[in-house]
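This report refers to the structure that appears directly beneath it.
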Amino acid sequence: MDHNVGVTPHPLEIKLRRHSRVLTVRFDDGNSYDLPFEYLRVYSPSAEVQGHGPGQEVLQFAKENVQVRSVEPIGHYAVRLVFDDGHDTGLYTWKYLYELGSQYEARWQRYLERLAEYGYERKVSKV
């Protein structure tokens, strides 16, 4: 019998890569994800972004060049990301970071489609 069913993988390493604007998270199950800052910002678990219930998500615009100033540990279950646009209220649990990594392609595509529906064109500056 597998006692690990439903157990959330824990990060072994979290690296902030400011130049490439990516947070690399390596988990104890062998998976590793490079999560772009923009992606982390637009999928922040905060109420400001997620709303207060299903269907109340707030689409984030103009986050292409957002930076993460710091990664602050919250107990043994999450980190708080402090963004340079002042946003710092989202607590990224290990489970949520893992979901963001494992569902990156589908979530990113959904975000780009929603921006397109609003006629918004992303403006990414070259570093």
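Since every read-out is calculated from the coordinates, none of them should be taken as a lab result. Source: prediction; values computed, not measured. All Cβ positions, glycine included, derive from the backbone under ideal geometry; neighbour counts span all protein chains shown.
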Quiz item: At 10 °C and 1.306 mPa s, what whole-number value in µm²/s does Stokes-Einstein give for the translational diffusion of segment 53-113, with Rh from the Kirkwood sum over Cα pairs?
Solution: 120
Quiz item: Along the charge dipole of segment 9-124, which of 115, 58, 27 sits closest to the positive end, that is, farthest toward it, with unit charges on the beta carbon of Lys, Arg, Asp and Glu (+1, +1, -1, -1)?
Solution: 27
Quiz prompt | Within the chain: Cβ-based charge dipole about Cα centre, in debye rounded to nearest 20 (Lys, Arg +1; Asp, Glu -1) | solution = 400
Exercise. Using amide H atoms built 1.01 Å from N in the peptide plane, name the residues 5+ places from residue 28, or on other chains, whose amide H lies under 5 Å from its own.
Key: 10, 12
Quiz prompt | Label point distance in nm, residue 104-residue 29, each placed 7 Å from Cα along Cα→Cβ | solution = 1.6
Practice problem: Considering Cα pairs under 8 angstrom that are at least six residues apart, work out the relative contact order of the chain and quote it in whole percent. | Solution: 20
Practice problem: Taking H placed 1.01 Å from N in the peptide plane, check which residues at least 5 places from residue 67 or on another chain put their amide H under 5 Å from its amide H. | Solution: 84, 85
Quiz prompt | Zero-based 5 Å bins, Cα pair distances in the chain, whole percents | solution = 2, 10, 19, 24, 21, 13, 7, 3, 1, 0, 0
Quiz item: Under 16 Å from a point 7 Å along the Cα-to-Cβ line of residue 115: which residues of segment 25-50 have their amide N that close?
Solution: 35-44
Quiz item: What ³J(HN,Hα) values, in whole Hz, does the Karplus curve 6.51 cos²θ - 1.76 cosθ + 1.60 give for segment 30-45 when θ = phi - 60°, with x put for Gly and Pro?
Solution: x, 7, 9, 10, 9, 9, x, 4, 4, 4, 4, 5, 6, 10, 4, x
Exercise. Find which of 124, 11, 93 sits farthest along the positive direction of the dipole of the chain, computed with +1 on the beta-carbon of Lys and Arg, -1 on that of Asp and Glu, about the Cα centre.
Key: 124
Quiz item: Build a GNM of the chain with springs between Cα atoms under 10 Å: which of 49, 58, 66 gets the top mean-square fluctuation?
Solution: 58
